[in-house]
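K.L.:
Below is the structure I would like to discuss, written out as structure tokens.
The values are calculated or read from the model by the stated rules, or taken from the named source; none is laboratory data. These numbers were taken from a predicted model, which means no experiment stands behind them. Here the Cβ is made from the backbone with ideal geometry for all residues, glycine too, and neighbour counts use every protein chain on show. We work out accessible area using only protein heavy atoms, side chains counted, and drop any ligands, DNA or RNA first. Shrake-Rupley method; radii C 1.70, N 1.55, O 1.52, S 1.80 Å.
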Amino acid sequence: MHDQLKRAIARISVGNKPYGTGFLVRKDPPVVATALHVLANTRVTPYQRYGATFTLRFGDPRTEQSPFTCDASNILYDNVERDQALLQLDKAP
């Protein structure tokens, strides 16, 4: 079970800069929950995304799969006050 949980955790980056983590919360269609501050600068109004494309790397960094990418249009939900965001991926990890 421990390995299954590790495979559900993604490191999220923009370009080569890591910003935080996300968690696979649904597999079909694949949805990742994360904090909005991982995807955007929420200290300014309106918030500004860190980039147009996000890279997600799931699992153990030593044995990780190919990275997944998604763009800002894949943000299904965001809430600045609660610091929440949901991303939909094109395919499941």
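K.L.:
When the helices in the chain are scored as -39500 (n - 2.57) per DSSP H run of 4 or longer and the sum is shared across all residues, what 222 nm value do you end up with, to the nearest 500 deg cm²/dmol?
P.N.:
On the way: 2 runs with 10 residues, N = 93.
Per the formula, -2000 deg cm²/dmol.
K.L.:
Excluding residues on the same chain fewer than 8 positions from residue 27, give the aspartates and glutamates whose Cα lies under 12 Å from its Cα.
P.N.:
Reachable aspartates and glutamates: 90.
K.L.:
Per residue of the range 43-51, in order, report the coupling 6.51 cos²θ - 1.76 cosθ + 1.60 (Karplus, θ = phi - 60°) as ³J(HN,Hα) in whole Hz, putting x for Gly and Pro.
P.N.:
Once θ is set to phi - 60°, the couplings for the range 43-51 become 7, 10, 10, x, 5, 10, 5, 6, x Hz.
K.L.:
Let me test this: with uniform point scatterers at the alpha carbons of the range 47-92, what is the Debye-based log₁₀ I(q)/I(0) at q = 0.21, 0.31 1/Å?
P.N.:
Each listed q maps to, in turn, -0.81, -1.17.
K.L.:
What relative contact order, as a whole-number percentage, does the chain give when Cα pairs under 8 Å and 6 or more residues apart are counted? Spell out each step's value before the answer.
P.N.:
Working: 183 pairs, mean separation 26.7, N = 93.
Reported relative contact order: 29 percent.
K.L.:
With the full set of protein chains in place, find how many percent of the accessible area of the chain is carbon and sulfur; take the probe as 1.4 Å.
P.N.:
Values: 2950 of 6000 Å².
Exposed carbon and sulfur together represent 49 percent of the surface.
K.L.:
Which of the lysines could be linked to residue 17 by a straight reach, that is with a Cα gap under 24 Å, when you skip same-chain ones fewer than 8 residues away?
P.N.:
Qualifying lysines at Cα under 24 Å: 6, 91.
K.L.:
GNM on the chain, C-alpha springs below 10 Å: top fluctuator among 18, 67, 29?
P.N.:
29
K.L.:
Still on this structure: Can you pull out the chymotrypsin sites (Phe, Trp or Tyr not before Pro) in the range 5-82 that DSSP calls coil and that have at most 16 other Cβ atoms within 10 Å?
P.N.:
Working: sites: 19, 23, 47, 50, 54, 58, 68, 77; in loops: 47, 50.
For chymotrypsin sites (Phe, Trp or Tyr not before Pro) across the range 5-82 that sit outside H, G, I, E and B with at most 16 neighbouring Cβ atoms in 10 Å, the list reads 47.
K.L.:
The chain: longest stretch without exposed trypsin sites (Lys or Arg not before Pro) (DSSP loop, at most 16 other Cβ within 10 Å), sites themselves excluded? Numbers along the way, then the final one.
P.N.:
Numbers: sites that count: 43, 62, 82, 91.
It runs 1-42.
K.L.:
For the chain, modelled as a Gaussian network with Cα springs under 10 Å, which listed residue fluctuates most, 59, 22, 51?
P.N.:
Ranking 59, 22, 51 by mean-square fluctuation puts 51 first.
K.L.:
Accessible area per residue for the chain in Å², computed with a 1.4 Å probe and the full protein assembly in place, what is it? Could you put the intermediate results ahead of the total?
P.N.:
On the way: 6000 Å² over 93 residues.
Result: 65 Å² per residue.
K.L.:
Now for a different question. Suppose each label sits 7 Å from its Cα in the direction of the beta carbon; what would the residue 33-residue 49 distance come out to in nanometres?
P.N.:
Taking the two extended label points, one gets 2.2 nm.
K.L.:
Length gain on complete extension for the stretch residue 91 to residue 72, per 0.36 nm per residue less the alpha carbon to alpha carbon distance?
P.N.:
On the way: separation 19, 0.36 × 19 = 6.84 nm, distance 1.60 nm.
Contour length minus the Cα-Cα distance gives 5.2 nm.
K.L.:
Calculate one ³J(HN,Hα) per residue across the range 80-88 by plugging θ = phi - 60° into the Karplus curve 6.51 cos²θ - 1.76 cosθ + 1.60, and present them in order as whole Hz with x for glycine and proline.
P.N.:
In residue order, the calculated couplings are 5, 4, 9, 6, 10, 8, 10, 10, 9 Hz.
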